[in-house]
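Encoded as structure tokens, the structure appears first; notes follow it.
Readers should treat all values here as calculations from the given coordinates under stated rules, not as data from a laboratory. What you see is a predicted model; the values in this text were computed from it and never measured. Glycine also receives a Cβ, built like all others from the backbone with ideal geometry; neighbour counts cover every protein chain displayed.
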Amino acid sequence: MPRLSFKNAPQAEHRVAEDPNDWEVATRLVRGGLARSPHGEISEALYLTQSFVYESAESADARFAGDEPGFIYTRYGNPTVKMFEDRLALLEGAQACRATASGMAAVHLALTGLVGAGDHVVSGKALFGSCRWILNTWAPRFGVETTLVDGPDLAAWRAAVRPNTKLFFLESPANPLLEICDIAAICAIAGEIGAKVVVDNVFATPIFQSPLKLGADVVVYSATKHIDGGGRVMGGAILGAAALLEEAYRDLARHTGPALSPFNAWVLLKGLETLDLRVRHQSATAMGLADRLAAHPRVKDCRYPGRSDHPQHAVAARQMSGGGNLIAFDLGSREAAFTFLNALQLVDISNNLGDAKSMATHPSSTTHRSMTAEQRLEIGLTDGWVRLSVGLEGASDLARDLDRALDAIPC
Ligand SMILES: Cc1ncc(COP(=O)(O)O)c(C=O)c1O
């Protein structure tokens with residue numbers, strides 16, 4: 001698609017074109033995908049339009065035939081959405097990106113575009129509740145079966161493979177207990193049988209982990225989380241090779257309509273500008289808070305990928321360049337977890353994550369409620385676990401709030 005570029009504007013002709021692939025991450029996040037209109041606006045233009053007009057009937061004919069570049073309809077593509085897609089693709093080092101209305105729209109599209117009736121999926125069992133619902137409840141209606149395995153157990157992935165296995169799916173770190181899968185090793189197993197690998201990279205963020213470089217075929221994001229980072233809009237994205245995205249997702253997305261709103265894309269473009277700064281700061285605060293939580297007598301267990309006592313810390317250290325902003329800790333019972341949450345004064349009780357505001361949730365009664373108690377037990381999610389998403393507040397204020405809430409739990 002041609003983009004209206006600042007280079008098209010007469011006043012910019014003197015500017016030398018740089019190759020965005022040579023830019024540092026920070027520059028990619030601020031400049032990547034920027035396609036200025038002839039007005040030369042500093043902030044990305046918001047093309048809040050459903051459709052586009054053609055100079056002639058012949059032009060409309062040619063554009064629908066794919067012979068003439070240009071936008072057609074916002075369900076298919078939109079200039080503001082394209083700027084978001086291009087910026088995220090540049091950050092991820094992906095050839096292509098397709099933005100979606102939410103993270104779940106991205107996961108649903110990513111999975112269903114790669115399988116059909118009679119196919120088999122192998123997936124890590126530690127998954128966000130809605131992802132598990134798609135695999136366990138929805139996909140079987142269309143003749144797609146899934147075997148759930150213990151994500152860190154490589155032998156289990158290999159043992160689950162069937163002649164009709166087409167797809168591997170995993171989250172790493174997984175929601176909510178931050179279990180880590182060895183992405184490169186799992187991709188190697190998939191490669192042996194020609195299966196595709198889709199990685200939900202929400203918890204790691206594109207700043208700390210690059211699944212495509214580890215061998216994955218597709219990466220999915222809930223942009224609702226760190227990419228927005230301000231708790232404002234929903235969004236999602238699928239990234240991978242251009243040919244794969246074209247073949248697996250182009251028509252499916254056009255005809256089923258999970259398109260991202262241009263307004264949300266505009267907000268997310270702004271979110272991307274500060275993503276690197278935010279998640280690095282949050283991760284540094286989270287590391288200190290995880291150490292503090294782990295040392296507290298009311299905390300039975302504390303999981304943080306950056307701590308050496310995390311069960312898969314060695315894998316995390318190999319494939320992630322930072323621990324992220326999420327911490328999970330076990331307070332022993334639902335009563336203790338609820339007492340803790342209700343005693344917080346600064347940290348909000350909320351099920352979202354990746355926000356500037358710190359928030360804590362009780363996964364078994366909220367985000368993972370759609371799983372049965374037995375399914376939760378399979379992933380070690382008992383009722384005492386709390387998930388903390390560390391925000392941008394001052395570390396000492398957060399530490400004080402956590403200490404106060406922990407101290408409210410009776411001995
Ligand atoms: C790991 C993971 N994947 C996907 C999603 C879905 O994202 P959204 O809420 O944007 O649909 C979430 C939401 O919490 C998540 O935590």
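Can you compute 3J(HN,Hα) from phi for each residue in segment 39-45, using the Karplus curve 6.51 cos²θ - 1.76 cosθ + 1.60 with θ = phi - 60°, rounded to whole Hz and x for Gly and Pro?
Per-residue couplings from phi come out as 6, x, 4, 6, 8, 3, 6 Hz.
Students often check this: by mean Cβ neighbours within 10 Å, which of 180-191, 35-46 ranks highest, and how do the rest follow? Intermediate values should be presented prior to the final figure.
Working: 180-191: 21.3, 35-46: 14.3.
Put in order of decreasing packing, that is 180-191, 35-46.
As an exercise, use a Förster radius of 45 Å and the Cβ-Cβ distance of Ala242 and Ile349 to find the FRET efficiency, rounded to the nearest 0.05. Numbers along the way, then the final one.
Working: r = 42 Å, r/R0 = 0.94.
The value I calculate is 0.60.
By a straight-distance test (C-alpha under 12 Å), which aspartates and glutamates pair with Lys225 as possible cross-link partners, with residues fewer than eight away in the same chain excluded?
Asp355
Pull up the DSSP beta bridges for the chain and report the antiparallel fraction as a percent, rounded to 5.
On the way: 23 of 42 bridges.
Roughly 55 percent of the DSSP beta bridges within the chain come out antiparallel.
Residues in segment 305-331, backbone N under 20 Å from the label point at Glu24 (7 Å along the Cα-to-beta-carbon vector): list them, ranges by number please.
321-323
Quick query: amide H of Val197 versus all other amide H atoms, modeled in the peptide plane; which residues come in under 5 Å with a sequence gap of 5 or more or a different chain?
So Val197 has HN proximity to Phe168, Asp217, Val218.
Which length gain, in nm to one decimal place, applies between Arg254 and Ser365 when the Cα-Cα distance is subtracted from 0.36 nm times their residue separation? Provide the component values of the computation, followed by the final result.
Details: separation 111, 0.36 × 111 = 39.96 nm, distance 3.57 nm.
So the extension gain works out to 36.4 nm.
Per-residue ellipticity at 222 nm for the chain, helices alone: DSSP H runs ≥ 4 residues times -39500 (n - 2.57), over residue total, nearest 500 deg cm²/dmol? Show your work: numbers first, answer last.
On the way: 16 runs with 145 residues, N = 411.
Taken over the chain, the calculation gives -10000 deg cm²/dmol.
Nearest 5 percent is fine: what portion of the DSSP beta bridges confined to segment 162-265 is antiparallel? Please list the in-between numbers first.
Working: 5 of 13 bridges.
Among the beta bridges of segment 162-265, antiparallel pairing accounts for roughly 40 percent.
I want to check the label-to-label distance for Gln50 and Asp403. Put each point 7 Å from Cα in the C-beta direction and report it in nm to one decimal.
A separation of 5.7 nm, rounded to one decimal place.
Taking the 0 to 90 degree range and rounding to the nearest ten, how far is the long axis of helix 79-92 tilted relative to the main principal axis of the chain, both from C-alpha atoms?
Result, in degrees: 50.
Indicate the gyration tensor shape class of segment 245-362 (rounded, prolate or oblate), computed on the Cα atoms with a ≥ b ≥ c the square roots of the eigenvalues: a/c under 1.5 is rounded; otherwise a/b larger than b/c is prolate and the rest oblate. Spell out each step's value before the answer.
Numbers: a/c = 2.07, a/b = 1.72, b/c = 1.21.
The shape class here is prolate.
5 Å is the cut-off here: which amide hydrogens, built 1.01 Å from N in the peptide plane, fall below it relative to Leu392, excluding neighbours closer than 5 in sequence?
The answer is Lys357, Ser358.
Please enumerate, by chain and number, the lysines with C-alpha under 19 Å from the C-alpha of Lys213, excluding those fewer than 8 residues away in the same chain.
Excluding near neighbours in sequence, the set is Lys196.
Would you compute, for the Cα atoms of the chain, the largest minus smallest coordinate along each principal axis and list the three values in descending order, in whole Å?
So the extents along the principal axes, rounded to whole Å, are 76, 51, 33.
What full-extension length gain, to one decimal in nm, is calculated for Phe263 and Ser396 as 0.36 nm per residue of separation minus the Cα-Cα distance? Please list the in-between numbers first.
Working: separation 133, 0.36 × 133 = 47.88 nm, distance 3.58 nm.
Extra length available between Phe263 and Ser396 comes to 44.3 nm.
Would you mind putting 120-128, 236-244 in packing order, based on average other-beta-carbon counts within 10 Å, highest first? Kindly include the intermediate steps, with their values, before the conclusion.
Details: 120-128: 24.7, 236-244: 21.6.
The peptides rank, most packed first, as 120-128, 236-244.
Under 19 Å from a point 7 Å along the Cα-to-Cβ line of Arg334: which residues of segment 355-371 have their amide N that close?
Answer for this model: 361-371.
Each residue of segment 166-173 in turn: what ³J(HN,Hα) in whole Hz from Karplus with 6.51, -1.76, 1.60 and θ = phi - 60°, glycine and Pro shown as x?
10, 8, 10, 10, 7, 10, 7, x
Tell me which residues come under 5 Å, amide H to amide H, from Thr147 once H is placed; ignore anything under 5 positions away on its chain.
So Thr147 has HN proximity to Val121, Val122, Ser123.
So for each of 63-74, 330-341 I average, over its residues, the number of other beta carbons within 10 Å; can you give me the resulting order with the highest mean first? Intermediate results must be reported in sequence, preceding the final value.
Numbers: 63-74: 13.6, 330-341: 19.0.
Put in order of decreasing packing, that is 330-341, 63-74.
Fully extended, how many nm does the chain gain between Ala159 and Leu277 (0.36 nm per residue separation, minus their Cα-Cα distance)? Numbers along the way, then the final one.
Working: separation 118, 0.36 × 118 = 42.48 nm, distance 4.14 nm.
That works out to 38.3 nm of additional length.
Compute the angle between helix 103-112 and the longest alpha-carbon principal axis of the chain, please, reported from 0 to 90 degrees and rounded to the nearest 10.
Taking Cα atoms only, the helix is inclined about 80 degrees.
Where does helix 262-273 land angle-wise versus the long Cα axis of the chain, in degrees 0 to 90, nearest 10?
It works out to around 60 degrees.
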